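Report on the structure given below.
The values are calculated or read from the model by the stated rules, or taken from the named source; none is laboratory data. All values reported here derive from a predicted model rather than from experimental measurement. Cβ placement follows ideal geometry from the backbone for every residue including glycine, while neighbour counts extend to all protein chains displayed. Accessible surface is based on the protein model in full, side chains and every heavy atom, while ligands, DNA and RNA are left aside. Shrake-Rupley method; radii C 1.70, N 1.55, O 1.52, S 1.80 Å.
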Amino acid sequence: MASAKEIEKHLEIALKEIGAIKPWYDRAFKSWIFSHSSYPDVEYAGDSKDAVIENYPIYLRDFIEERLNDNLAPHIEKAVKGRGGKREGAGRPKGTKKEVKRRVYMPKDVADWYQHHPSEVESSIRQMIARGRH
């Protein structure tokens, strides 16, 4: 069961992704409608623009809650090829390099000492490697 705080966080992200809610008038249905390509299963129609702008986030919130609680039909959340939900600007900026690391286990007293003196140990080890004593 998703918490209210988690639902609100996801709703905030979704509303930022959607941007301004700008409904359009559909003559066939004689009502104002709004939907967004990021959430094609959430659509709201109302008698006025203001009603749509006010109520669309409520319907979106309900959809997000159902999604977080895994209550959606399989055809709604089908697997598709693509970026898999990657958001624009997510992740490490292109061109940045991160030093490759590896986890090492050691006795607790040594680890505690290392935690207080990491630069000394690292420089000593790099010097030993440079001299060929590994």
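Structure notes:
- Peptides 66-73, 87-94 ranked from most to least packed give 66-73, 87-94, packing being the mean of other C-beta atoms within 10 angstrom over each peptide's residues.
- With a simple spin-label model that places each label point 7 Å from the Cα along the Cα-to-Cβ direction, the separation between Val121 and Phe29 comes to 6.2 nm.
- For the chain, the fraction of C-alpha pairs farther apart than 23 angstrom is 60 percent.
- For Arg92 and Leu68, the difference between the fully extended length at 0.36 nm per residue and the C-alpha to C-alpha distance is 6.0 nm.
- Helical content alone sets the calculated 222 nm signal of the chain at -14000 deg cm²/dmol, taking -39,500 (n - 2.57) per DSSP H segment of four or more residues and averaging over every residue.
- In order along region 2-11, the phi-based Karplus estimate (6.51 cos²θ - 1.76 cosθ + 1.60, θ = phi - 60°) of 3J(HN,Hα) comes to 6, 7, 4, 5, 5, 5, 5, 5, 5, 5 Hz; Gly and Pro are listed as x.
- Residue (of Gly91, Met128, Asn55) at the positive-pole extreme of the chain, dipole from beta-carbon charges: Met128
- Accessible-area composition of the chain, carbon plus sulfur, in percent [1.4 Å probe]: 53 percent
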